[in-house]
2 protein chains.
Amino acid sequence: MIIDCHGHYTTAPKDLLAFRDEQIAALKDPSTVPSKRALKITDDQIRESLEGAQLKFQRERGSDVTIFSPRAAGMGHHIGNETTSRLWTEHCNDLIYRVGQLYPKNFAAVCQLPQSPGVPIANSISELERCVNELGFIGCNLNPDPSGGNWTAPPLTDKHWYPFYEKLVDLDVPAMIHVSATCNPNFHTTGSHYINGDTTAFMQFILSDLFKDFPTLRFIIPHGGGAVPYHWGRYRGLAQDLKRPPLNEMMRANVFFDTCVYHQPGIDLLFKVVPVENILFGSEMVGAVRGIDPTTGHYYDDTKRYIDKLGLSAEDKQKVFEGNARRVYPRMNKEF
Amino acid sequence: MIIDCHGHYTTAPKDLLAFRDEQIAALKDPSTVPSKRALKITDDQIRESLEGAQLKFQRERGSDVTIFSPRAAGMGHHIGNETTSRLWTEHCNDLIYRVGQLYPKNFAAVCQLPQSPGVPIANSISELERCVNELGFIGCNLNPDPSGGNWTAPPLTDKHWYPFYEKLVDLDVPAMIHVSATCNPNFHTTGSHYINGDTTAFMQFILSDLFKDFPTLRFIIPHGGGAVPYHWGRYRGLAQDLKRPPLNEMMRANVFFDTCVYHQPGIDLLFKVVPVENILFGSEMVGAVRGIDPTTGHYYDDTKRYIDKLGLSAEDKQKVFEGNARRVYPRMNKEF
């Protein structure tokens, strides 16, 4: 079985976005009471949104299951207030639940969280519990920067986040560290903010004893670990200079990278430096890069092709395509 | 000749730091009038600070000239106000000038700028002119985030920066895009803030027609181009999706990466994807990573070793070690 650990519902039916537009428009009028209207989205509309996109690519590229969450750029935790974020998040997660109900063999559900700048992360616990306990979700996306590019929250290793980590451990679900759209003009959402978020999180983990406090806490750092594998020597050297544990030891049971790296030399590097036990197959399709690479004739984000070319042993392939994901997302095992 | 394009005076004599400490302490008392006292630094102290460090490594590793600037983490543009930054910057640059006078064959001088959050970059022009016209400097370090990790300045492609770019073009000197220390606890100065700065700048360049406005403007993005070569497919794909020019075309005469990547697989990747015309040898010694890699027995930042192992042609070696630097820093040619 081939599990793609990183897919977002980037093709959601248009009434979801219409709701969001109404919500954002209402923010301009402070007298408006935020509300959550029913979405006008039929099962057929959901099927249609997936059949020509994620499901088509699963079939064409040969993956079986996508660990599927709401569109990351759409989370927009910096927009409005806590209520704005809560109502929007519930809608997004409810829709992911419906996707999983319609295609129980193709999608494993992961939720977004109702984060909001300055709001304690503990306030996101109830939505996590609803999604995991009531709706069968297997993980969540955690935004290290709910401000959308102003980086005003404490580092992920700060005690601020601990109540939420306790719940992750308790539920035995991992979090993918994933920022959302940026409102800071210095950053491009998918071109620099995402990658910077990944790099930032990894360096925070190097500096902290977080995983001594939470030995079973598991994070997926997407986009191939940001800049980390390319600068593996820098990070090994920094850890060494700072008298921190070696990277492999720090990552072992706690930090995982996906394979959302859109060219062969990048994937080659990733597998050369990062232990295969810490790499999960991912493509982020349909996502950041949608075109076809003229140098290969294939989609940039068809990352399975790059991995197939590595010449991995059958055992290592099994880890990257399935085994590691089952270990990181143990609630998958019940469903798939 | 082997030119190392990236070295900072990280070993400066202690009275430089004493001045900075006094300056920062005085900020607490608003009645203090900022002043620039003479530094108590002798030529012998300068010699001593370099002989056991940068000069020793030049000899041991076989490089000839280091393009040398004040310590990047020390620039601290977010500290104090414009006057604070100006006085500190003048001291730092004056010291680099003295280094060049003492070792005219070993160091080519590059200046820091008296940037300050919210202050027009045009106010940095006079210090650039002083350094280039009066002191023989060959380039500068430009901080895209003078706020130190809050990213409050406009993108590098914004017209805000244009008056300074006009002067760079006029003087025919390049700028290395280099952030300084961060005061945002999310970021580690050398571990994430530096690399994020590099990645951020490159994505800004993809999105802009800056080099149509300034066809001879030249930027060095240090640390091997941040995350860019590892995600070369992502950036190629984003440029394509966004109908922007191909990366090689955008970079050609305007954007250059150094080789401050501290392991062989990273350097291998860099040379596999980035045109050799756009790569300048750099080590950042003595800098971010000071230890010896136990897997090789050599210093992490002895980047010449990795390049020597690439099997480049003599012509390509000449470009990376000398020719590209002379093209990017034409004022070098008069001195070395």
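A few points about this structure:
- When the residues A:Asp43, A:Asp293 are ordered by accessible surface, computed with a 1.4 Å probe over the protein chains alone, the sequence from largest down reads A:Asp43, A:Asp293.
- Cα gyration tensor, chain A - rounded (a/c under 1.5), prolate or oblate: oblate
- Computed log₁₀ I(q)/I(0) - Debye formula, equal Cα scatterers, no solvent, the stretch A:1-101, q 0.20, 0.21 Å⁻¹: -1.01, -1.08
- For the set B:Lys167/B:Lys334; B:Lys212/B:Lys243; A:Lys309/B:Lys319; B:Lys167/B:Lys212; A:Lys56/A:Lys309, the pairs lying more than 24 angstrom apart at their alpha carbons are A:Lys309/B:Lys319.
- Backbone N within the stretch B:242-263 under 18 Å of label point (7 Å from B:Thr216 Cα along the Cβ vector): B:252-256
- Computed on the stretch A:1-107, with alpha-carbon pairs under 8 angstrom and 6+ residues apart, the relative contact order is 42 percent.
- Considering only B:Gly224, B:Gly80, B:Gly297, the Gaussian network model of chain B with Cα springs below 10 Å gives its largest mean-square fluctuation to B:Gly297.
- Couplings for the stretch B:140-155, taken from phi via the Karplus curve 6.51 cos²θ - 1.76 cosθ + 1.60 with θ = phi - 60°, read 9, 9, 10, 8, x, 9, x, 7, x, x, 9, 6, 9, 7, x, x Hz in order; Gly and Pro are left as x.
- Estimated from helical segments only, the mean residue ellipticity of chain A at 222 nm is -10500 deg cm²/dmol, where each DSSP H run of four or more residues counts as -39500 (n - 2.57).
- Minimum 50 Å² accessible area buried by the other protein chains, the stretch B:217-241 residues, probe 1.4 Å, relative to alone: B:Tyr230, B:His231, B:Arg234, B:Arg236, B:Leu238, B:Gln240, B:Asp241
- In the assembly of identical copies, B:Asp172 has its label point, taken 7 Å from Cα in the direction of the beta carbon, separated from the corresponding points by 7.0 nm (ascending, one decimal).
- Based on C-alpha pairs under 8 angstrom that are at least 6 apart in sequence, the stretch A:198-246 has a relative contact order of 48 percent.
- Copy-to-copy label separations for B:Cys183, where each label sits 7 Å from Cα toward Cβ, in nm and ascending: 2.3
- Among A:Ala26, A:Ala314, A:Ala175, residue whose mean-square fluctuation peaks in a GNM of chain A (springs only between Cα atoms under 10 Å): A:Ala314
- The heavy atoms of A:Arg98 offer some 70 square angstrom of accessible surface to a 1.4 angstrom probe.
- Shown are B:Asp198, A:Asp308, whose ranking by accessible area with a 1.4 Å probe and every protein chain present, most to least, is A:Asp308, B:Asp198.
- Between the amide H of B:His6 and those of B:Ile67, B:Ser283, B:Glu284, distances stay under 5 Å, these residues lying 5 or more places away or on another chain, with hydrogens modeled in the peptide plane.
- Just the protein heavy atoms count here, and of the accessible area of the protein assembly as shown at 1.4 Å, carbon and sulfur take up 53 percent.
- In nanometers and ordered shortest first, the copy-to-copy spacing of the B:Asn248 label point, defined 7 Å from Cα toward Cβ, is 3.7.
- Residues listed by number, the stretch A:151-183, amide nitrogen under 18 Å from A:Leu27 label point at 7 Å toward C-beta: A:151-153, A:179-183
- Other residues lying with their Cβ under 12 Å from the Cβ of A:Thr10 contribute a combined charge of 0, Lys and Arg counting +1, Asp and Glu -1.
- Paramagnetic reach from A:Lys105 (point 7 Å along Cα→Cβ, amide N under 16 Å) across the stretch A:50-90: A:51, A:55-66
- Loop-located trypsin sites (Lys or Arg not before Pro) in the stretch A:1-65, at most 10 other Cβ atoms within 10 Å (DSSP): A:Lys28
- Residue-span extension gain [A:Arg98 to A:Arg37] - 0.36 nm each, minus C-alpha spacing: 20.3 nm
- Cα-based shape type of the stretch B:240-336, given that a ≥ b ≥ c are square roots of the gyration tensor eigenvalues and the cut on a/c is 1.5: oblate
- Amide proton proximity set for B:His298, modelled H, under 5 Å, gap of 5+: B:Asp293
- Within the listed set A:Phe211, A:Phe321, A:Phe257, the Gaussian network model of chain A (springs between alpha-carbon atoms below 10 Å) gives the highest mean-square fluctuation for A:Phe211.
- By DSSP, the beta bridges lying fully in the protein assembly as shown are antiparallel in about 10 percent of cases.
- Computed with a 1.4 Å probe on the full set of protein chains, the accessible area for B:Thr190 sits at about 30 Å².
The values are calculated or read from the model by the stated rules, or taken from the named source; none is laboratory data. If you're wondering where the values come from, they're calculated on a predicted model, not measured in any experiment. As a convention, Cβ positions derive from the backbone with ideal geometry for all residues, glycine included, and neighbour counts pool all protein chains shown. Surface accessibility is based on the protein's heavy atoms, side chains included, excluding ligands, DNA and RNA. Shrake-Rupley method; radii C 1.70, N 1.55, O 1.52, S 1.80 Å.
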